[in-house]
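Student: First the structure, then my questions, so here it is.
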Amino acid sequence: EAGVAQSPRYKIIEKRQSVAFWCNPISGHATLYWYQQILGQGPKLLIQFQNNGVVDDSQLPKDRFSAERLKGVDSTLKIQPAKLEDSAVYLCASSQLQRFYEQYFGPGTRLTVT
Amino acid sequence: QKEVEQNSGPLSVPEGAIASLNCTYSDRGSQSFFWYRQYSGKSPELIMSIYSNGDKEDGRFTAQLNKASQYVSLLIRDSQPSDSATYLCAVSSSGSARQLTFGSGTQLTVLP
């Protein structure tokens, strides 16, 4: 079974620029999560989708971050404009609807904002 | 704000010793508890789950839960250098959203 795919793996941008990340979850996984992991910290949930609907986006900085999951499969996370404090690894994870605790993570995108 | 607290470490133990990792959580309604392992530069992977008070053993790993004290721990027996990683405690939410709150992790180094 193919794992969670993410791209790009690395991205360096200047502050105030925009960036987009892509995620393809494991086939059949209804739930998709985007996490932000700052160095030395645990993953922080940004947004959770169930199929193509948003379950929770309470920790998503909506003035600069946006995310969508079209057709309930692939998802994109966008930051516009980026700030220095957005430098982090952005992890995408997916799970089966009932087994939400068994989350499979992609390799992540390491974002550096200069 | 639901919180999950872990000692950040680093924790160093000699090869063959028992490594003990601890976690406390603030949401009394949480019912499910998990340990994820994250190697340096890699993504987290689920290694243990526990749902009821007491101990749960899986190979060299033992998870312990005390809901009254809001305390979860992970013991690694006969620690190996390959166990060197960051261990993340994760707690399920008590609300309807099926999601996890992660602690900041404890970095473990097993010395040969």
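Readers should treat all values here as calculations from the given coordinates under stated rules, not as data from a laboratory. All of these numbers come straight from a predicted model, not from anything done at the bench. Backbone-built Cβ (ideal geometry, glycine too); neighbour counts: all protein chains shown.
Student: Taking chain A as a Gaussian network, Cα atoms linked when under 10 Å apart, which of A:D74, A:D63, A:D86 shows the biggest mean-square fluctuation?
Tutor: It is A:D63.
Student: Convert each backbone phi in the range B:48-56 into a coupling constant with the Karplus relation 6.51 cos²θ - 1.76 cosθ + 1.60 (shift: θ = phi - 60°), then list the ³J(HN,Hα) values in order as whole Hz, x for Gly and Pro.
Tutor: 8, 9, 8, 10, 10, 4, x, 10, 9
Student: Something else about it: Give me the inter-chain shielding for B:100-112: mean count of other chain Cβ atoms within 10 Å, whole number please. Kindly include the intermediate steps, with their values, before the conclusion.
Tutor: Details: counts 10, 4, 7, 3, 6, 5, 0, 1, 0, 0, 0, 0, 0.
Mean shielding count: 3.
Student: What length, rounded to one decimal in nm, is gained on full extension from A:L97 through to A:Q59, with 0.36 nm per residue of separation minus their alpha-carbon distance? Don't jump to the answer; show the numbers that get you there.
Tutor: On the way: separation 38, 0.36 × 38 = 13.68 nm, distance 2.11 nm.
Gain on extension, A:L97 to A:Q59, equals 11.6 nm.
Student: Once amide H atoms are placed 1.01 Å from N in the peptide plane, what residues at a sequence separation of 5 or more from B:I47, or on another chain, have their amide H within under 5 Å of its amide H?
Tutor: For B:I47, whose amide H was placed from the backbone, the distant partners under 5 Å are B:W35, B:Y36, B:R37.
Student: Now for a different question. With a 10 Å Cβ neighbour count serving as the proxy for reagent exposure, in which order, fewest first, do B:D27, B:D58 appear?
Tutor: Ascending Cβ contact count within 10 Å gives the list B:D58, B:D27.
Student: If the elastic network links every pair of Cα atoms under 10 Å, which of B:R37, B:R77, B:R60 fluctuates the most in the Gaussian network model of chain B?
Tutor: Residue with maximal mean-square fluctuation among B:R37, B:R77, B:R60: B:R60.
Student: Once the Cα gyration tensor of the range B:1-52 is diagonalised, what are the square roots of 5 times its eigenvalues, in whole Å and ordered largest first, as equivalent ellipsoid semi-axes?
Tutor: Equivalent-ellipsoid dimensions as semi-axes: 23, 14, 13 Å.
Student: Using a Gaussian network model on chain B with a 10 Å cutoff between Cα atoms, which of B:G54, B:G16, B:G41 fluctuates the most?
Tutor: Comparing B:G54, B:G16, B:G41 in the GNM, the peak value goes to B:G41.
Student: I need the Kirkwood Rh of the protein assembly as shown: take the reciprocal of the average 1/r across all distinct C-alpha pairs and report it in angstrom.
Tutor: Working: mean 1/r = 0.0552 Å⁻¹.
One decimal place: 18.1 Å for the Kirkwood radius.
Student: Which order do B:V91, A:V19 fall in if you start with the one that has the fewest other Cβ atoms within 10 Å? Can you show the working numbers first?
Tutor: Details: B:V91 26, A:V19 19.
With the sparsest Cβ surroundings first, the list reads A:V19, B:V91.
Student: Scale the Cα Rg of chain A by the rule-of-thumb value 2.2 N^0.38 Å and send over the ratio, two decimals.
Tutor: 0.99
Student: Lysines near A:K83 by alpha-carbon distance under 16 Å, same-chain residues fewer than 8 away left out - which ones?
Tutor: Excluding near neighbours in sequence, the set is A:K11, A:K15, A:K62.
Student: When the Kirkwood hydrodynamic radius is evaluated over all pairs of different C-alpha atoms of chain B, what value in angstrom, to one decimal, is obtained?
Tutor: Working: mean 1/r = 0.0712 Å⁻¹.
It is 14.0 Å.
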